[in-house]
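One structure is given here, and the rest of the page talks about it.
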Amino acid sequence: MATAQSAGKANSIDSSEKKKFWNNDTEAIIGIMLVLLILGTINVFSSSFIIAEAEFDSPYFFLKRHLINIFIGFIAFIICFRVDYHKWRGLMPFVLLFTLLALILVLIIGPEVNGAKRWLPLGVAQFQPAEFAKLVAIMIMAAYLAMQVKANREIKFFTPQLAIVGVMAFLTEQEPDMGTASIILGIPLIMMVVAGLHWKKVLQLVGVGILGIIALIYRQPYRLERLKVTWDPWSDAQNFGYQTVQSLSAIGSGELTGMGLGVGVSKYDYLPEAHTDFAFAIFCQENGFLGAIFVFLLFAALTVYSARVASRARDEYGQILSMGIMILIVGQAVANLLMVGGMLPVVGVPLPFISYGGTSLIVTMASIGILTNIGRLGIKSAEN
């Protein structure tokens, strides 16, 4: 009888394990990434084939480049997944030097597109140093915070690490690119708060941040105009509110189930940046409310599993680094969704995996590689 009961329990355990989609948090994150990559690839082609045919005589122009970026991204992901995340700390001086030189170089020789210099030409491809600087800033701050937390020392606000991050943000703002500069500086500051920055310093940080944002907005007159039309884009629907109005129209026209893949009309020269910053608006138009909810759930699940990886990391550095990567990916997703939905000004933040963007996609996949490496080593540590 005992043998039969044991066998029954074993069978129930086996059957419950078979019902799982994945065995651990690391596999879950990889699975979510793959689903988002598939959705993004479909959406990149659907939202770009019109402009690709018109400007490059090939509807597959952006799709081909996107697939190449995915291939490079997978290489970056595999490397970061297999290399112990502690080893990146020893390489940080070289990585930082490369990043700073690239940020300076783009201001000197970068081609000007729509009044901004953001890309370095690399033959058939382009490299956007500011996207790379996002991850570098997180790794720099994670190393500092881990030392302070481990030694139970006070987290200081003015540090050499934050000064370096500030320089990268300043160079990015000179392009100009306020959205990316805010991410480069903002995420390390959020990491400091989460890691235990004293509440008085948090209040000081909030005050300085508000003043800084006001100064950045007034530095470029168009930013103030974008801010004014955020809550009522129809008040200037043919100028500064145009993108938001077209985005909301695209989202609303998708209704419950969408118009169907490739059928969305907003990409026909109505919605600017339809395959980049506003790719999600086209996704909603063609996949409807149900498709949008599916994407929301994927990013929500990614948040949960990333937080679990952070909580189970084997040391303070892994915990803080994985937390920073989670904020980077999910935070950009939230900012883009709010922007596309008309609840934030147009700031030029892409939707991870869904928007077209070479360097952004590669850096995001590399970040997932580091995150899953932290999770993998955390599992091994727990087993030992």
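The values are calculated or read from the model by the stated rules, or taken from the named source; none is laboratory data. Fair warning: this is a prediction, and the values are worked out from it, not measured in the lab. Note that we place each Cβ from the backbone using ideal geometry, even for glycine, and neighbour counts take in every protein chain shown.
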Quickly run through the stretch 89-111 and pick out the residues that are over 21 Å from the mean Cα position of the chain (by Cα) and surrounded by 22 or more Cβ atoms within 10 Å (Cβ to Cβ).
-> V106
Apart from one, (1) in contact (Cβ under 8 Å) with a residue 40 or more places away in the chain; (2) of a type in the set (D, E); (3) over 25 Å from V194 (Cβ atoms) all hold for E131; the odd one out is (3)
Name, by its number, the condition in (1) within 21 Å of the chain's Cα centre (by Cα); (2) within 28 Å of D315 (Cβ to Cβ); (3) surrounded by fewer than 20 Cβ atoms within 10 Å (Cβ to Cβ) that does not hold for F127.
-> (2)
Restricting attention to the stretch 320-346, which residues are of a type in the set (V, I, T), within 18 Å of S360 (Cβ to Cβ) and touching a residue at least 40 places away in the same chain (Cβ under 8 Å)?
-> I325, I327, V340, V346
Got a sec? Which helices (runs of 4 or more DSSP H) wholly within the stretch 2-101 have at least 1 residues that are out of contact with any Cys (no Cβ under 9 Å at 6 or more places or on another chain) and modelled with pLDDT of 90 or more?
-> 25-56, 61-82
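Taking the conditions exactly as written (modelled with pLDDT of 90 or more and either touching a helix residue (DSSP H, G or I) at 6+ places or on another chain (Cβ under 7 Å) or farther than 30 Å from A313 by Cα (or both)), does A215 satisfy them or not? I'd like the intermediate steps shown before the answer.
Numbers: modelled with pLDDT of 90 or more: no; either touching a helix residue (DSSP H, G or I) at 6+ places or on another chain (Cβ under 7 Å) or farther than 30 Å from A313 by Cα (or both): yes.
Criteria not met by A215.
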Output the number of the condition that N114 fails; it satisfies all remaining conditions of (1) under 21 Å from P93 (Cβ atoms); (2) surrounded by fewer than 23 Cβ atoms within 10 Å (Cβ to Cβ); (3) free of Cβ contacts under 8 Å to residues at least 40 places away in the same chain.
-> (1)
In the stretch 260-274, is there at least one residue being closer than 30 Å to M141 by Cβ and either in contact with a Lys or Arg (Cβ under 9 Å, 6 or more places away or on another chain) or exposed (fewer than 14 other Cβ atoms within 10 Å of the Cβ) (or both)?
-> no
So which residues in the stretch 107-136 are of a type outside the set (K, R), touching a Ser or Thr at 6+ places or on another chain (Cβ under 9 Å) and under 29 Å from Y222 (Cα atoms), if there are any at all?
-> W119, Q126, F127, Q128, P129, A130, E131, F132, A133, L135
Does I282 meet the test of being assigned to a helix (DSSP H, G or I) and not charged (D, E, K, R)?
-> yes
